[in-house]
Each structure stands twice: as structure tokens, then as C-alpha cells.
Amino acid sequence: GIRWDVAMLTRHQQRVFWPGISANTGVHWSHELLVQFQHRLHWPSVSANPALPWNGVLIRRFGGRWDWSGLSANPALPWCMELLLDYLRDWDVDRLEQHRAALKGIISLGPCDAELGFYLAALRRQQ
């Protein structure tokens, strides 16, 4: 198959269907690629793409571009309490509910499902 990386996308940027590239998990995703093509990418698709090299720096760098509903549903994010708290007002709580099992282990209130429910309810009130 085609190796979609910075060089290939640079050569074909006028002919590429950017929403399709943005959702493609076979792209060689890198911080450089995101920076170079940030004005062409379809950010709702990028936000939901589990193949990106997800980390806190990446999320912070493109904070104004993310589709938070897509991010909230993305299982590949490096889920941790810091990430949840840093973007408290941005998360789509209904989408976060999809990660209840994963989030249960990181909520500092404890592993109790009821406590996670209280946290998510509090988060919902903040929005």
C-alpha cells in the first residue's frame, strides 16, 4: 500500500482527500505532519483517530483545533487524571462514559463505580 507520510502528502497535497487522510489509521502520523498540514486536516476525523502518537504535548499543542467529542470517545488517548483535569470544561461527558472501565482505574476518588459516576456528574455540571 501507499506509505502516507510527510513527503508523500507534500507531493500530493492538492489531490489528497483530506477528510479521508485524517481518519486513516495507516498514515505515518507524526507531530511534524500535524504541524505542516494543520490547515488542511479534518480535525473531527483526526480527533477520533486512534493511530496518532497521543501524548499530553500533542493534545496541548493543538488544543484549539481538537473536536472534543471525538477526543472524548478516542480509546487511544493517554487517559490519566491530569488529562481529565487539564481539559475539564472541554470533554464530552456522554462520550467519556464510553470509557467508564478505563477511567475507573485512574479517578483518584477510588475505583468505585458510584464515585466515578459522581465525578462524571460533577464534570457534566461544569459544562
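The values are calculated or read from the model by the stated rules, or taken from the named source; none is laboratory data. Note that this is a predicted model, so its numbers are computed, not measured. Here the Cβ positions follow ideal geometry from the backbone for every residue, glycine too, while neighbour counts run over all protein chains shown. When the accessible area is computed, the model is the full protein with side chains, heavy atoms only, and any ligands, DNA or RNA have been set aside. Shrake-Rupley method; radii C 1.70, N 1.55, O 1.52, S 1.80 Å.
For the stretch 38-59, the tally of residues that are outside any helix (DSSP H, G or I) and either open to solvent by less than 60 Å² (accessible area, probe 1.4 Å) or of a type in the set (A, V, I, L, M, F, W, C) (or both) stands at 7. For the stretch 2-37, the set of residues classified as closer than 20 Å to N74 by Cα, among the β-branched types (V, I, T) and not in a loop (DSSP other than H, G, I, E, B) consists of I21 only. Within the stretch 64-78, the set of residues being more than 10 Å from the chain's Cα centre (by Cα) and either closer than 22 Å to W4 by Cα or open to solvent by less than 50 Å² (accessible area, probe 1.4 Å) (or both) comprises R65 only. When L71 is tested against (1) modelled with pLDDT of 90 or more; (2) not in a helix (DSSP H, G or I), only condition (2) is not met. All told, S108 meets the bar of being at pLDDT below 70 and open to solvent by 20 Å² or more (accessible area, probe 1.4 Å). Residue check: is W91 without any contact (Cβ under 8 Å) to a residue 40 or more places away in the chain and either closer than 30 Å to R125 by Cβ or in contact with a Cys (Cβ under 9 Å, 6 or more places away or on another chain) (or both)? The answer is yes for W91. Taking the criterion of being farther than 21 Å from I21 by Cβ and either of a type in the set (S, T, Y) or touching a Leu at 6+ places or on another chain (Cβ under 9 Å) (or both), the residues of the stretch 56-88 that qualify are G56, S72, W79, L83, L84, Y87, L88.
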